[in-house]
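Trainee: First the structure, then my questions, so here it is.
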Amino acid sequence: MENLKMPDKLKVILKTFTDDLLEIYQGELVSVVLYGSAASGEFVDKHSNLNLLIVLKNTGFNDLKKSAKILRRFKMLNVLFLTESYILSSLDIFPIEFLDMQENNFVLYGKDILKDIHIDTRNLRFQCEQELKQKLLKLQHAYIRAGSNNRILNTLLFSFFTSILHILRNVLRLKGIAPAYLKHEIIKELALQFNIESLLWEKILAARNKQIKLSAHESEELFIDFIKEVEIIISAVDRM
């Protein structure tokens, strides 16, 4: 755990939580895996999440109920309880999620459950296209409902931008590219692979990070142009 790049106080929290789980479940606990930015070295205190995959032999109601007390004590942790069989049977349905876990994880206890899983890229392409098309419809409806309200437009734009960029990170895998984790690096690679305006994406990212302030006109213009950019990528993914 000393290799994790995060404040020592958070390492203590993870160690204490893992020890408490082991005390509760003992031989029923298969593994405890930290995943996401906290495992990749990109953790930012007070901004990043502490995501944990807890693998149990059984995840029935009574099994999950055992951890209720400690989960109330560790509210800062985002915990996902699964069994090994559930993971193996769900790789075709959630390829994005499991690829992300596999790429950025740190085993805190037990079996390295993600090491040898194999995900078919055909399932990945299907999920990427499906989720992008869903996001596009929601973007269009959100724009209509928001009208010209600058505050609402910005909130929606930044939220959709983050979630769509996460999907597009996995679209790059379909191109045979090992995607970067930092958002500006993902944008740079997307610009090389697809016909998108990288300056537009960088401007949205800068506004999201509060590095620049957008006027009401700029917010609306960016929102409309971002929808067009997403349409371009969806067409490219559809042809893959």
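Please treat every number below as a calculation from the coordinates, not as lab data. Note that the structure is a prediction, hence the values are computed from the model and not measured. Using ideal geometry, Cβ is built from the backbone for each residue, glycine included, and neighbour counts are taken over all protein chains shown.
Trainee: Hydropathy at least 1.0 by Kyte-Doolittle, axial extent at least 27 angstrom from the Cα trace: which helices of the chain, defined as entire DSSP H runs, fit?
Mentor: none
Trainee: For the stretch 145-181 and the stretch 1-39, write down the distance between their C-alpha centroids in whole Å.
Mentor: Rounded to whole Å, the Cα centres lie 30 Å apart.
Trainee: To make sure I understand the rule: partners must be lysines, Cα under 18 Å from the Cα of residue 213, and not fewer than 8 residues away in the same chain. Which ones qualify?
Mentor: Of all the lysines, those that pass the test against residue 213 - Cα under 18 Å, at least 8 places apart if same chain - are 203.
Trainee: State the Kirkwood hydrodynamic radius of the stretch 69-140 in Å, one decimal place, computed from all pairs of distinct Cα atoms. Walk me through the intermediate numbers first.
Mentor: Details: mean 1/r = 0.0693 Å⁻¹.
Across the stretch 69-140, the inverse of the average 1/r is 14.4 Å.
Trainee: Roughly what % of DSSP beta bridges within the stretch 8-110 run antiparallel, to the nearest 5?
Mentor: Details: 11 of 17 bridges.
Of the beta bridges lying entirely in the stretch 8-110, close to 65 percent run antiparallel.
Trainee: Another one. May I ask for the Rg/Rh ratio of the stretch 121-238, computed from Cα atoms with Rh as the Kirkwood radius, given to two decimals?
Mentor: Working: Rg = 13.9 Å, Rh = 14.5 Å.
That ratio equals 0.96.
Trainee: Here's something else I'd like to know. Take the residue pairs 75/138; 133/175; 11/135; 133/188; 5/175 and return only those whose Cα atoms are more than 25 Å apart.
Mentor: Details: 75/138 30 Å; 133/175 19 Å; 11/135 36 Å; 133/188 22 Å; 5/175 30 Å.
Exceeds cut-off: 75/138; 11/135; 5/175.
Trainee: Continuing with this model, one more query. Among 137, 200, 21, which one moves the most in a GNM of the chain with springs linking Cα atoms closer than 10 Å?
Mentor: 137
Trainee: Please report the antiparallel percentage of DSSP beta bridges with both residues in the chain, rounded to the nearest 5. Please list the in-between numbers first.
Mentor: On the way: 11 of 17 bridges.
Of the beta bridges lying entirely in the chain, close to 65 percent run antiparallel.
Trainee: Still on this structure, I have one more. Within the set of other residues whose C-beta is less than 15 Å from the C-beta of residue 72, count the net charge using Lys and Arg as +1 and Asp and Glu as -1.
Mentor: Counting the neighbours of residue 72, the net charge comes to +4.
Trainee: Helix-derived [θ] at 222 nm for the chain: sum -39500 (n - 2.57) over DSSP H runs of at least 4, divide by residue count, nearest 500? Show your work: numbers first, answer last.
Mentor: Details: 11 runs with 145 residues, N = 240.
-19000 deg cm²/dmol, from helical runs alone.
Trainee: Say we join alpha carbon atoms closer than 10 Å with springs in a Gaussian network model of the chain; which of 12, 30, 230 then has the biggest fluctuation?
Mentor: Evaluated over the chain, the most mobile residue of the options is 12.
Trainee: Continuing with the same structure: Please enumerate, by chain and number, the lysines with C-alpha under 19 Å from the C-alpha of residue 115, excluding those fewer than 8 residues away in the same chain.
Mentor: 57
Trainee: Taking H placed 1.01 Å from N in the peptide plane, check which residues at least 5 places from residue 81 or on another chain put their amide H under 5 Å from its amide H.
Mentor: Hits under the 5 Å cutoff: 54.
Trainee: Related question: Show me 151-162, 63-74, 202-213 ranked by packing, highest mean number of other Cβ atoms within 10 Å first. Walk me through the numbers before you get to the answer.
Mentor: Numbers: 151-162: 17.2, 63-74: 13.1, 202-213: 14.8.
By packing density, highest mean first, the sequence is 151-162, 202-213, 63-74.
Trainee: Work through the residues other than residue 148 whose Cβ is under 14 Å from its Cβ and net out their charges, Lys, Arg +1 and Asp, Glu -1. Working shown, then result.
Mentor: On the way: positive: 145, 151; negative: 218, 220, 221.
Every neighbour counted, the sum reads -1.
Trainee: Largest first and in whole Å, what are the equivalent-ellipsoid semi-axes of the chain based on the Cα gyration tensor, each being the root of 5 times an eigenvalue?
Mentor: Values: eigenvalues 250, 90, 56 Å².
Taking √(5λ) for each eigenvalue gives 35, 21, 17 Å, largest first.
Trainee: From the C-alpha coordinates alone, can you work out the Kirkwood hydrodynamic radius of the stretch 9-134, in Å?
Mentor: Values: mean 1/r = 0.0646 Å⁻¹.
Mean inverse Cα-Cα distance, inverted, gives 15.5 Å.
Trainee: Through the Karplus equation 6.51 cos²θ - 1.76 cosθ + 1.60, θ set to phi - 60°, convert the phi angles of the stretch 62-68 into ³J(HN,Hα) values in whole Hz; use x for Gly and Pro.
Mentor: My calculation for the stretch 62-68 gives 5, 5, 5, 4, 4, 9, 4 Hz in order.
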